[in-house]
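Here is the structure we will look at, set down as structure tokens.
The values are calculated or read from the model by the stated rules, or taken from the named source; none is laboratory data. The structure presented is a predicted model; accordingly, all values stated were derived computationally and were not measured. In this analysis, Cβ positions are derived from the backbone assuming ideal geometry, glycine residues included, and neighbour counts consider all displayed protein chains.
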Amino acid sequence: MPKKRVLFINYSLHSGGIEKSLVTVLSLFDYQTYDVDLQLFANDGMFLSRVSPQVNLLPPLFPAEYKLNIRQAFLALIKKGHPKIALCRLLVSFAGLKGTMGERLVRMWNVEKRFIKPSKKEYDAVIAFMEGQPIYYAVTKVQCKNKIGFIHGDYIAMGLNKDFDTDFIKHLNALCTVSESCKTALDQTFPMLSNKFHVIYNIVSSTFMRGMANEPADFEDDFTGKRVLSIARLSQQKGLDIALPAIAKLKQKGLQFRWYIIGIGPELESLQAMIEELHIGDYVKFMGERANPYPYLKACDVYLQPSRFEGKSIAVDEAMVMCRPILLTDFSTAADQINSGENGMIVPMNSDGIADGLEDLLLNDERRTQFTEALAKCDYTNENEISKLYTLIDQA
């Protein structure tokens, strides 16, 4: 029996949770049954080197220069002989300036769709692994009778565009999300399409993570106090700006700790300016990207996730596997992961709430031990989740 041809689509493979989830899925995939192509808009990112060698990585939809800031990208694309793509990049930069996430994604796609060529192959199944452009591309540019989409967050909280997305979801055979709360948001937004919605949890391998965590964690300083860690894209969604005044408040109280942030993103400069204004440069350290964050998780005293919204955070899943005391803001899906007071703490989504929760965890050794022991009693490995995806692929 011939193998089924499957196409995965994502924007890039930078160090985000969606990208990590995709690489994990591809590492576990059944290549005896399926031939797999991977189509990225940009073939770059820290996780690109971790893609299974059994995956056929297709040429990117945009040249490498497209990812540069607009001034650099425009000139570089012209020099490389891509005047039309240079125009696309210019128009996209204006399209993405203002509005909600949904409004920006729609305007950007309405530009990009004019410049992106259709897929050359026909597939048995196509899997658009994130919201926005990957789903739009799968529906309009790929020949396939079985189209599967993923939305990794709370559709309502993300501020996506219902009116625009409805027609795209109608053309999907299935739309997957990563938690029951996220599915509820889809059900509420698109009640007539609820038969298409499925929950496939982010895949976690405890054995793999704990093995990786045995490498040394170099925090690049000689600090000996308590360490707070966050793994997050430096974006508005992750709420790092909400947490910074909390750090300042605890500094004023004389607490000795340091907050380490692993990740990159567009808010770096504004966060650094805020840190300077609050005079907390000695309390916050940006670590940039880390291919292996698990040693840092293992070594931290508290894991902090101050997000405004999440789907089912992979970073929180990983902190749970590593049995770290976890502090979350009360984003809509927080209670899907943590039972507050039992194996972690959920606090109000404001600076005072974060300050109070962090002070409690830093000063209360007994509470941190309680959370660690509660997490250690569970096995979070769920590699069998991939079977749900095979079912959706094969159903056509």
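May I ask you to list the residues in the stretch 208-232 that are within 24 Å of His152 (Cα to Cα) and surrounded by fewer than 19 Cβ atoms within 10 Å (Cβ to Cβ)?
Selection gives Phe208 alone.
I'd like to check something: does the stretch 131-150 contain any residue that is over 21 Å from Lys170 (Cα atoms) and in contact with a strand residue (DSSP E or B) (Cβ under 9 Å, 6 or more places away or on another chain)? Lay out the reasoning, then the answer.
Initially, the stretch 131-150 is screened for residues over 21 Å from Lys170 (Cα atoms), giving none.
So far as the stretch 131-150 goes, no, none of its residues is over 21 Å from Lys170 (Cα atoms) and in contact with a strand residue (DSSP E or B) (Cβ under 9 Å, 6 or more places away or on another chain).
So which residues in the stretch 214-245 are touching a residue at least 24 places away in the same chain (Cβ under 8 Å), in a loop (DSSP other than H, G, I, E, B) and of a type outside the set (D, E, K, R), if there are any at all?
Asn214, Pro216, Ala217, Phe219, Phe223, Gly225, Ala232, Leu234, Ser235, Gly239
Residues that are touching a residue at least 40 places away in the same chain (Cβ under 8 Å): find the helices (runs of 4 or more DSSP H) completely inside the stretch 1-113 holding 3 or more of those.
17-28, 101-112
Select from the stretch 91-122 the residues that are of a type in the set (Lys, Arg) and crowded, with 19+ Cβ neighbours inside 10 Å and list them in ascending order.
Result: Arg107, single match.
For the stretch 41-85, enumerate the residues that are among the β-branched types (Val, Ile, Thr) and crowded, with 16+ Cβ neighbours inside 10 Å.
Within the stretch 41-85, Val51, Val55, Ile85 meet the criteria.
Which residues, taken from the stretch 180-213, are in contact (Cβ under 8 Å) with a residue 40 or more places away in the chain, over 18 Å from Ile127 (Cα atoms) and either in contact with a helix residue (DSSP H, G or I) (Cβ under 8 Å, 6 or more places away or on another chain) or outside any helix (DSSP H, G or I) (or both)?
Across the stretch 180-213, the qualifying residues are Glu180, Ser181, Cys182, Ala185, Val204, Ser205, Ser206, Met209, Arg210, Met212, Ala213.
If I filter the stretch 140-148 for residues that are among the aliphatic types (A, V, I, L, M), under 30 Å from Leu77 (Cα atoms) and either surrounded by fewer than 20 Cβ atoms within 10 Å (Cβ to Cβ) or in contact (Cβ under 8 Å) with a residue 40 or more places away in the chain (or both), do I get at least one hit?
Taking every residue of the stretch 140-148 in turn, at least one turns out to be among the aliphatic types (A, V, I, L, M), under 30 Å from Leu77 (Cα atoms) and either surrounded by fewer than 20 Cβ atoms within 10 Å (Cβ to Cβ) or in contact (Cβ under 8 Å) with a residue 40 or more places away in the chain (or both).
Please verify whether Met287 is assigned to a strand (DSSP E or B) and more than 23 Å from Asn364 (Cβ to Cβ), treating the condition exactly as stated.
Against the criterion (assigned to a strand (DSSP E or B) and more than 23 Å from Asn364 (Cβ to Cβ)), Met287 qualifies.
Contact list please: Cβ distance under 9 Å, first residue in the stretch 260-276 and among the polar types (S, T, N, Q), second residue part of a helix (DSSP H, G or I) and modelled with pLDDT of 95 or more, pairs at least six apart or on different chains.
Ser270/Asp241
Taking into account only those residues within the stretch 312-324 that are touching a Ser or Thr at 6+ places or on another chain (Cβ under 6 Å) and part of a loop (DSSP other than H, G, I, E, B), which is nearest to Tyr155 (Cα to Cα)?
Here the residue is Lys312.
Kindly indicate whether any position in the stretch 140-163 is among the acidic types (Asp, Glu) and part of a helix (DSSP H, G or I).
Narrowing the stretch 140-163 to residues among the acidic types (Asp, Glu): 154, 163.
Narrowing the set further to residues that are part of a helix (DSSP H, G or I) leaves 163.
Within the stretch 140-163, one or more residues are among the acidic types (Asp, Glu) and part of a helix (DSSP H, G or I).
Can you tell me which residues in the stretch 164-174 are crowded, with 17+ Cβ neighbours inside 10 Å and outside any loop (DSSP other than H, G, I, E, B)?
Asp165, Phe168, Ile169, Ala174
Cβ-Cβ below 6 Å, separation at least six or inter-chain, first residue in the stretch 278-302 and hydroxyl-bearing (Ser, Thr, Tyr), second modelled with pLDDT of 95 or more and surrounded by fewer than 18 Cβ atoms within 10 Å (Cβ to Cβ): which pairs?
Listed pairs, sorted by first residue: Tyr283/Lys251.
Of the residues that sit in the stretch 343-359 and are touching a residue at least 60 places away in the same chain (Cβ under 8 Å) and not small (Gly, Ala, Ser), which one is nearest to Cys378 (Cα to Cα)?
Filtering the stretch 343-359 for residues that are touching a residue at least 60 places away in the same chain (Cβ under 8 Å) and not small (Gly, Ala, Ser), the one nearest to Cys378 (Cα to Cα) comes out as Leu358.
Take the residues of the stretch 320-334 that are of a type in the set (A, V, I, L, M, F, W, C) and free of Cβ contacts under 8 Å to residues at least 40 places away in the same chain: which is nearest to Asn202 (Cα to Cα)?
Of everything passing the filter in the stretch 320-334, Ala334 is nearest to Asn202 (Cα to Cα).
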